[in-house]
Amino acid sequence: MKYALVITGVLAGLAITAPQLVVLGYFLLIVPGLVLTVAPTVFVYLAVTAAVRRLLPISSPMAATAVALVATLLLGWAVMQPFRLAAITAYRSDDLPDVLPSHAIELDGHVRVDRPNERSEPECDYLCLALLDSPRVQSLTTVTAGRGKPIHMRPSAAYELVSAKNDFTPGIFPSKPGQIVREYPPLVQANRGTKLITASKAVEANWALRLAGQERLREANAVESETADWVIRVDTQTHARTSTLRRITILDSTGRVHFRKSYHKQAVPSRMFYFGFHASMSGSASFHVGRQVMESGERSMKPESALLQAIKFPIPPCEAEALERLRNQAQQALDSPAPTAVQLDLAKRCLGLFFFDTQPRDHALIARIVADQRIDDIETQIKNVFPKSKTPVEMLDPYIDRISMDHTSASLRHWLAERLASFPPGTFSNPSPTYLAIWNSPENYQQAAPLIATLADLGPDRAMPKIDAMLDYAIELPHWRDRRSMMDGIREALVRLGPQASGAAPRIQKLFLHRPSPIMNNAGEADDWRFALARMGVALKDLPVFANQSPKSVERNLRKVAGKMRRYEQDNVIQEEI
């Protein structure tokens with residue numbers, strides 16, 4: 001017994017303090033993993049057995065051990081029962097029976113959707129649209145838990161579909177209306193593979209056309225649960241590995257349940273005490289008191305999908321022709337000398353549907369939308385059109401035009417400038433007047449700082465005066481966060497100019513050694529500036545170093561610069577060959 005306690009105790013200590021060893025044991029020979037997994041449980045039972053045996057008035061060691069082991073097993077069962085029964089009682093109290101009507105529910109009046117476990121802000125999504133599109137529904141109120149809001153301050157939003165008549169102002173555009181194709185089972189089955197993407201876009205195009213036609217989605221007055229004609233509750237509770245509850249409930253104004261469907265899973269304490277082991281794909285591993293999983297309902301049950309199947313609503317059309325209709329109307333809006341705000345909004349919706357799936361024939365339309373001064377707030381849409389490394393050259397002038405527009409946000413200017421800066425060297429050697437005008441506005445070039453690198457294409461005579469002026473402006477900015485992007489852009493322009501920017505080297509060296517330096521904020525940026533100076537023609541031995549640097553540190557910094565210079569020159573040779 002003593003040896004068994006020592007061995008299992010050591011193994012249990014290793015397993016609990018370093019559970020990754022258990023995972024390693026399974027990967028190696030399986031058996032070591034199994035041994036480490038059961039070691040904590042075996043040790044506890046052996047320790048309790050030894051303690052009980054010492055208390056028994058039995059002279060025979062074998063008999064005393066047998067009786068103590070039986071008593072320990074009974075104790076291992078008894079200690080779990082109170083916790084097990086309490087957990088089972090809690091599980092059964094939440095385990096409500098399904099209520100499945102014989103026909104689809106036809107909603108009417110004012111509908112309220114409560115999502116008490118949803119942490120995002122309420123919005124009009126595909127589910128909201130499906131409910132609002134029901135012929136007799138007047139308004140829909142959606143309520144979520146919000147982010148850290150107390151229960152009495154849960155955020156809500158209410159919407160209604162109204163007639164447009166002579167209303168030429170855009171309404172609210174719903175969030176991802178095409179998501180219904182991925183959530184409503186009949187549409188999922190009818191649109192598999194690549195058809196799924198086309199169908200989703202078609203639904204969004206149809207809604208864009210519809211909300212630009214005779215209908216508008218507007219905000220409405222929120223209704224409380226007590227005054228709503230129908231209340232829909234969507235529960236999605238998950239607590240790590242211990243419990244899951246997904247439930248959809250539809251109640252009328254009297255509180256009568258017309259529909260309820262649930263999936264409920266609960267981990268309750270096991271019948272016998274033991275230590276369970278859990279390892280996740282992320283690499284974490286841990287021990288826990290043994291559990292038994294109880295569940296009811298279908299594991300695949302999703303509340304939103306179940307709701308759509310339970311109610312009567314018009315199934316949205318998924319024909320690809322809607323995309324072409326939207327495209328044509330967007331082009332008409334761009335061609336019109338005086339389009340309405342609603343028509344221009346259609347062009348924005350058309351831009352948002354490309355979503356990294358464009359063809360060369362699309363580039364002209366995209367360029368027109370981006371370059372049109374009358375269309376603002378396209379940041380969300382344009383960021384989902386082209387991958388970063390595959391921006392077509394047709395976007396050169398439209399992106400420049402968009403940067404120069406007064407209503408363009410700072411974040412979009414920066415994003416556009418990053419894409420333009422990735423174009424091949426020489427792209428801006430014959431610049432447009434709009435491109436040159438950007439450098440006359442400190443606000444524009446500060447926000448579009450990555451574009452500064454492209455000044456190298458103008459040559460030193462035209463570029464250096466602008467770079468010097470921007471450097472003067474940047475070093476006067478009081479906060480590093482305001483200077484950082486500009487310094488990155490200026491440094492990249494000097495790197496591209498190379499020896500042609502040698503005249504600026506003495507000033508850069510002086511700013512480098514100034515304390516605190518206005519052109520850098522950490523050691524990595526210091527290395528980048530040394531490389532820039534090396535590109536500008538400063539010899540390695542003359543590169544600036546700090547007074548408190550050791551000889552080894554200096555030597556390491558210079559080796560980094562030399563290696564970076566070799567790689568840069570090799571990359572340039574390869575690009576020239578291409």
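The values are calculated or read from the model by the stated rules, or taken from the named source; none is laboratory data. No experiment lies behind these values; they were computed from the predicted model shown. Every residue, glycine among them, receives a Cβ derived from its backbone with ideal geometry; neighbour counts consider all protein chains shown. Accessible surface areas use protein heavy atoms only, side chains included; no ligands, DNA or RNA. Shrake-Rupley method; radii C 1.70, N 1.55, O 1.52, S 1.80 Å.
The listed residues R92, R419, once ranked by accessible area (1.4 Å probe) with the largest placed first, stand as R92, R419.
With all pairs of different C-alpha atoms in the average, the Kirkwood value for the hydrodynamic radius of segment 218-276 is 14.4 Å.
The Cβ shell under 14 Å around G290 holds other residues with a net charge of +4, Lys and Arg each +1, Asp and Glu each -1.
Under the shape rule built on the C-alpha gyration tensor, where the axes satisfy a ≥ b ≥ c, the chain is oblate, since a/c reaches at least 1.5 while a/b does not exceed b/c.
Once the mean 1/r over all distinct Cα pairs of segment 452-538 is inverted, what Kirkwood radius in angstroms do you read off?
Averaging 1/r across every pair of different Cα atoms and inverting gives 12.7 Å.
In segment 379-456, the C-alpha radius of gyration followed by the widest Cα-Cα span (Dmax) gives 11.4, 30 angstrom. Remark on segment 302-457: ratio of C-alpha radius of gyration to 2.2 N^0.38 Å is 1.23. Within the chain, C318, C350 have no other Cys Cβ under 4.7 Å of their Cβ and so lack a disulfide-compatible partner by this rule. Under 5 Å from the amide H of E215 lie the amide H atoms of A164, each residue being 5 or more positions distant or on a separate chain, with H modelled from the backbone and absent for Pro and chain starts. Helix 551-577 axis versus longest C-alpha principal axis of the chain: approximately 70°, rounded to the nearest ten. Between segment 415-482 and segment 488-522, what is the separation of their alpha carbon centroids in Å? Taking the Cα centre of segment 488-522 as reference, the centre of segment 415-482 is 15 Å away. Over the C-alpha trace of segment 118-240, radius of gyration and Dmax come out as 16.1, 53 angstrom. For the chain, calculate the relative contact order in percent as a whole number, restricting contacts to Cα pairs under 8 Å that are 6 or more residues apart. Answer for the chain is 9 percent.
Radius of gyration over Kirkwood radius for segment 19-153, both on Cα atoms: the Rg/Rh ratio is 1.31.
Note that segment 500-575 carries a Kirkwood radius of 13.0 Å, evaluated over its alpha carbons pair by pair.
Is the C-alpha gyration tensor of segment 246-365 telling us rounded, prolate or oblate? Criteria: a/c under 1.5 is rounded; beyond that, a/b larger than b/c is prolate, otherwise oblate. Here segment 246-365 falls in the oblate category. Only lysine pairs 8 or more places apart or on separate chains count here, and in segment 226-354 those with Cα atoms under 19 Å apart total 4. Just how far, in whole angstrom, is segment 24-80 from segment 90-110 if you go by their alpha carbon centroids? If you average the Cα positions of each part, the centres end up 48 Å apart.
Using Cα pairs under 8 angstrom and six or more residues apart, how large is the relative contact order of segment 419-470, in percent? Once normalised by length, the contact order is 43 percent. Couplings for segment 105-111, taken from phi via the Karplus curve 6.51 cos²θ - 1.76 cosθ + 1.60 with θ = phi - 60°, read 7, 9, 6, 8, x, 9, 10 Hz in order; Gly and Pro are left as x. Backbone phi angles across segment 521-534, fed through the Karplus curve with coefficients 6.51, -1.76 and 1.60 (θ = phi - 60°), yield HN-Hα couplings of 9, 7, 5, x, 5, 4, 4, 5, 6, 4, 5, 4, 5, 5 Hz in residue order; Gly and Pro are listed as x.
Arrange the residues D125, D488 by how much accessible surface each exposes, largest first, with a 1.4 angstrom probe.
D488, D125
Per residue, the chain reaches -15000 deg cm²/dmol at 222 nm when only DSSP H runs of four or more residues are counted, each adding -39500 (n - 2.57). The residues of the chain expose on average 52 square angstrom of accessible surface per residue, using a 1.4 Å probe on protein heavy atoms.
How large a share of the accessible area of segment 257-346, in percent, is made up of carbon and sulfur atoms when the probe is 1.4 Å and the other protein chains stay in place? Ligands and nucleic acids excluded, carbon and sulfur give 52 percent. Exposure check, 1.4 Å probe, all protein chains in place: V257 carries approximately 40 Å² of accessible surface. Derived scalar couplings between HN and Hα for segment 321-330 equal 4, 4, 5, 5, 4, 5, 4, 5, 5, 5 Hz in order, rounded to whole Hz, by the Karplus curve 6.51 cos²θ - 1.76 cosθ + 1.60 (θ = phi - 60°), x for Gly and Pro.
Going by a ≥ b ≥ c, the root eigenvalues of the Cα gyration tensor, does segment 175-264 fall in the rounded group (a/c under 1.5), the prolate group (a/b larger than b/c) or the oblate group? Could you put the intermediate results ahead of the total?
On the way: a/c = 2.41, a/b = 1.23, b/c = 1.95.
Judged from the Cα gyration tensor, segment 175-264 comes out oblate (a/c at least 1.5, b/c at or above a/b).
Over segment 419-578, with every protein chain in place, what whole percent of the accessible area is carbon and sulfur at 1.4 Å, could you tell me? Roughly 52 percent, rounded to a whole number.
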